[in-house]
Structure formats: C-alpha cells, structure tokens
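Worksheet: the structure to be examined is printed underneath.
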Amino acid sequence: MIQLAMYTYVDVVKWVLIISLIILLLIIGYKKLLKYLGKGVPPKEDYCVLYPLEKDPVEGEIEFYFTSDKKKSFEITILNSKLEQVLQVVSKESCFIGGNIIRYDSSKLSNGQYFYCLKTPNQKTMKKMIVNNG
C-alpha cells in the first residue's frame, strides 16, 4: 500500500469520503433552513414594481412606469419633500398585467424635490424625483 505521511491509501480515501459526506449534509441542512425561513414570505406576484424615471431632473411630460403580475386597483400620487400629498395623478380600479405607463405634465408643478408614490391594496412604494421646468 502507498503510505502518505503515516496514513495508508485506504485511510486517505476514507477521510475524503467522510469529509465529502459532512459537506453534503451541511448543504442539505442549509437548504432546508433557507426553505424554513422563507415560509411566510409573500409571493412576488402580489406586488407591483415601480421603476425610476428615465431622466432626472424631469421636465415636461413624465412617464411613471410600473409592472404588475395581477390586475389590481392602483393610485399614483405626488408628494412634496415633507411627504405630504400634493396631487393625485391617477386612481384606477385595474391596471394591466405587465407594464403600465402613466403620463403626467410636470409643468403643473413648481421646481423642487418631490416623491411619486404607487399605492395598491397591499403595498405603498415611492421614489424621489426632482422637477426642473426651466
């Protein structure tokens, strides 16, 4: 038999197999832990994704874009820098499945920092925008 620093070839193979088994059991345990901790996480398809504006600062017509995997009622509002509602852009009973574009003329707003907010029955999300209409 081949000896490798006081260990026989059989001993080395045995330890490699034991270490491989331990690593495999750790991976299986880790996956089960992730699955257990993931319980109760709301499904992704229940939420809309609000995207940032294409240009910032904005001027003229603004295109608010969001996606949804389900039809649901929604509302888009504009808030000032103190997070107080300035105006309601749109409120509808149903959005499209997939991409939704809502257009608004920003010339009705004075220059400054605002937030645009998407509200659905189960979420509220917002992003910052700066209006600079010259």
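The values are calculated or read from the model by the stated rules, or taken from the named source; none is laboratory data. Predicted, not measured: the structure shown is a model, and the values here were computed from it. All Cβ positions, even for glycine, are placed from backbone atoms using ideal geometry, and neighbour counts span all protein chains on display.
Does GLY29 count as closer than 26 Å to GLY98 by Cα and surrounded by fewer than 11 Cβ atoms within 10 Å (Cβ to Cβ)? No; evaluated as a whole, the condition is false for this residue.
Condition check ((1) modelled with pLDDT under 95; (2) over 30 Å from PRO43 (Cβ atoms)) across all residues:
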residue: GLU59; (1), (2): yes, yes
residue: PHE66; (1), (2): no, no
residue: ASP69; (1), (2): yes, no
residue: LEU79; (1), (2): no, no
residue: SER94; (1), (2): yes, no
residue: ASP105; (1), (2): yes, yes
residue: LYS128; (1), (2): no, no
residue: ASN132; (1), (2): yes, yes
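Among the residues making up region 35-50, those that are surrounded by 12 or more Cβ atoms within 10 Å (Cβ to Cβ) and either touching a residue at least 24 places away in the same chain (Cβ under 8 Å) or assigned to a helix (DSSP H, G or I) (or both) are ASP46, TYR47, CYS48, LEU50.
Using the structure shown, decide if ASN122 is touching a helix residue (DSSP H, G or I) at 6+ places or on another chain (Cβ under 8 Å) and either more than 30 Å from GLY134 (Cβ to Cβ) or not hydroxyl-bearing (Ser, Thr, Tyr) (or both). When the stated conditions are applied, ASN122 passes them. Anything in region 89-106 that is over 14 Å from ILE62 (Cα atoms) and either in a strand (DSSP E or B) or hydrophobic (A, V, I, L, M, F, W, C) (or both)? List them, or say none. If the condition is that a residue be over 14 Å from ILE62 (Cα atoms) and either in a strand (DSSP E or B) or hydrophobic (A, V, I, L, M, F, W, C) (or both), then SER91, LYS92, CYS95, PHE96, ILE97, GLY98, GLY99 are the ones that fit.
What about GLU54, is it surrounded by 13 or more Cβ atoms within 10 Å (Cβ to Cβ), acidic (Asp, Glu), free of Cβ contacts under 8 Å to residues at least 60 places away in the same chain and within 30 Å of GLY134 (Cβ to Cβ)? When the stated conditions are applied, GLU54 does not pass them.
For every residue, the table says whether it meets (1) among the aliphatic types (A, V, I, L, M); (2) in a strand (DSSP E or B).
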{"position": "TRP15", "(1), (2)": "no, no"}
{"position": "SER20", "(1), (2)": "no, no"}
{"position": "ILE27", "(1), (2)": "yes, no"}
{"position": "LEU33", "(1), (2)": "yes, no"}
{"position": "GLU63", "(1), (2)": "no, yes"}
{"position": "PHE66", "(1), (2)": "no, yes"}
{"position": "LYS71", "(1), (2)": "no, no"}
{"position": "LEU83", "(1), (2)": "yes, no"}
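Identify, please: which residue in region 80-134 is free of Cβ contacts under 8 Å to residues at least 40 places away in the same chain and of a type in the set (Ser, Thr, Tyr) and is, among those, nearest to LYS55 (Cα to Cα)? For region 80-134, the residue satisfying everything is TYR114.
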